[in-house]
Protein chains: 2
Amino acid sequence: MSVQERKQRERAERERLIVATARELAEQQGWDAVTTRRLAERIEYSQPVLYSHFRGKREIIGAVALQGAAEMAVAMRAAASGADGPRARVAALARAYLDFAERNPAVYDALFQLDGGLAFAQEDTPEPLKDAFAALLESLSEVTGDGVEPGLFTETFWAALHGLATLTRAGRLPPEDAGPRVELLVGRLAVV
Amino acid sequence: MSVQERKQRERAERERLIVATARELAEQQGWDAVTTRRLAERIEYSQPVLYSHFRGKREIIGAVALQGAAEMAVAMRAAASGADGPRARVAALARAYLDFAERNPAVYDALFQLDGGLAFAQEDTPEPLKDAFAALLESLSEVTGDGVEPGLFTETFWAALHGLATLTRAGRLPPEDAGPRVELLVGRLAVV
DNA sequence: ATTCGACCCTAGCACCGCTAGACAACCGAG
DNA sequence: CTCGGTTGTCTAGCGGTGCTAGGGTCGAAT
């Protein structure tokens, strides 16, 4: 049995390598540069090996997205716990969100921009995604205000942050006033 | 001279045909289906003809985007002029924006999601883009509130709408509560 | 009528995601 | 210890992509 176990371990290790390499390549040169050929070459296997781990490129993107969601949840909770009071917490959360998007553009794209074949906002949504949303909700439910469902508020707040993140990075918004825009958003949306 | 003029006219007409066909194909089957081969076949010319009008696929996307920006500006002003009072005007504007994004997904993508090679938020930004932004600013500057620059407010409001539009269409947000989310956003961001 | 230039098409390049089928290496049974 | 069979990997190739070089045709101007 130990032989099979070793093989399984090696297989899992190689799968991690694939995901890590895809992510690295995407962060370095963008997702367009992540081709199955290049990816295969970097992990020093032939292309078909990729398809023994994933159905296709889409699933690889999905795997990177899940990894990113877990990291994002951690980052959100860290930012929230480092601030005093609901208002400051939400401000810190918003800044941390945009910071994450800016520092990990490829991961952010895998999560929210590209098709990774993942289900969102449903029962069969993968746990990391649900948890990342929960991390936002934890802080945002403190400033939701009366008569509004916290889930709905979180969705709206998140969408606003997402808009800022994507439009800024796509060059649609000038990067200079990023700070004031976040302040404005938090100041108006959060009810203290 | 009249021969040259006729040729120029025919050339311009064909260029319009290319853009219209690209847009149509994109709305019907998505931008992935807009390949130079398919596009060439539909306009009943060979591929290289496309390249005598545009540098490449990117520029075709850009042309569709410019067309869309002009239409969007018209739609925004129409929605604004049909409502009484600043608050109702902004609500109508927001609904019209999301409606435009939902009804013309391919055009919306060309504008804000894909790379059409256009400059945004700069001096050399094409006029239609500037004007679409101006159309938003006209209504939003009425509800900006004190101590906030209307341009900054418009950018923030727009980003929030963009987030709602893209996340909803990408299946990241459940479509059911789209209405309440817009209400919440307008209610909190707009200062009456 | 002839030359010349503008125009368009055929054919092809390098790349893409993905897969069929050949081959080698290794495991377990006799 | 040998031998079948399974498991795993690779080479090669399919149909597609954006884009372009080069040849040929056709009409305008001399």
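The values are calculated or read from the model by the stated rules, or taken from the named source; none is laboratory data. These figures come from a predicted structure and were not determined experimentally. Cβ atoms come from the backbone with ideal geometry, glycine included; neighbour counts cover every protein chain shown.
List the residue pairs whose Cβ atoms are under 9 Å apart, where the first residue sits in segment B:19-37 and is more than 14 Å from chain A (Cβ to nearest Cβ) and within 15 Å of DNA strand C (Cβ to nearest atom), the second is part of a helix (DSSP H, G or I) and aromatic (Phe, Trp, Tyr), and the two are 6 or more positions apart or on different chains.
From segment B:19-37, the pairs are B:THR36/B:TYR51.
Collect the residues in segment B:51-65 that are surrounded by fewer than 19 Cβ atoms within 10 Å (Cβ to Cβ) and assigned to a helix (DSSP H, G or I), keeping them in residue-number order.
B:TYR51, B:SER52, B:HIS53, B:ARG58, B:GLU59
Take the residues in segment A:116-168 that are among the hydroxyl-bearing types (Ser, Thr, Tyr) and crowded, with 23+ Cβ neighbours inside 10 Å; name whichever of them is nearest to the chain's Cα centre (by Cα).
A:THR166
Restricting attention to segment A:146-165, which residues are of a type in the set (Val, Ile, Thr) and more than 7 Å from chain B (Cβ to nearest Cβ)?
A:THR154
For segment A:167-192, what are the residues that are at the interface with chain B (Cβ under 7 Å from one of its Cβ atoms) and either among the acidic types (Asp, Glu) or closer than 20 Å to A:LEU136 by Cα (or both)?
A:ASP177, A:ARG181, A:LEU184, A:LEU185, A:ARG188, A:LEU189
Taking only segment B:137-186 into account, find how many residues are touching a residue at least 12 places away in the same chain (Cβ under 8 Å) and of a type in the set (Gly, Ala, Ser).
The qualifying residues number 7.
Given the residues B:ALA63, B:ALA73, B:ALA69, B:ALA40, which is the only one that is within 10 Å of DNA strand D (Cβ to nearest atom) and at pLDDT 95 or above?
Among B:ALA63, B:ALA73, B:ALA69, B:ALA40, only B:ALA40 is within 10 Å of DNA strand D (Cβ to nearest atom) and at pLDDT 95 or above.
Quick check on this structure: which one of B:TYR45, B:TYR108 is within 16 Å of DNA strand C (Cβ to nearest atom) and touching a residue at least 12 places away in the same chain (Cβ under 8 Å)?
Matching residue, one of B:TYR45, B:TYR108: B:TYR45.
Please enumerate the residues belonging to segment B:3-37 that are polar (S, T, N, Q), over 28 Å from B:TYR108 (Cβ atoms) and near DNA strand D (Cβ under 9 Å from one of its atoms).
Listed by number, the list holds a single entry, B:GLN4.
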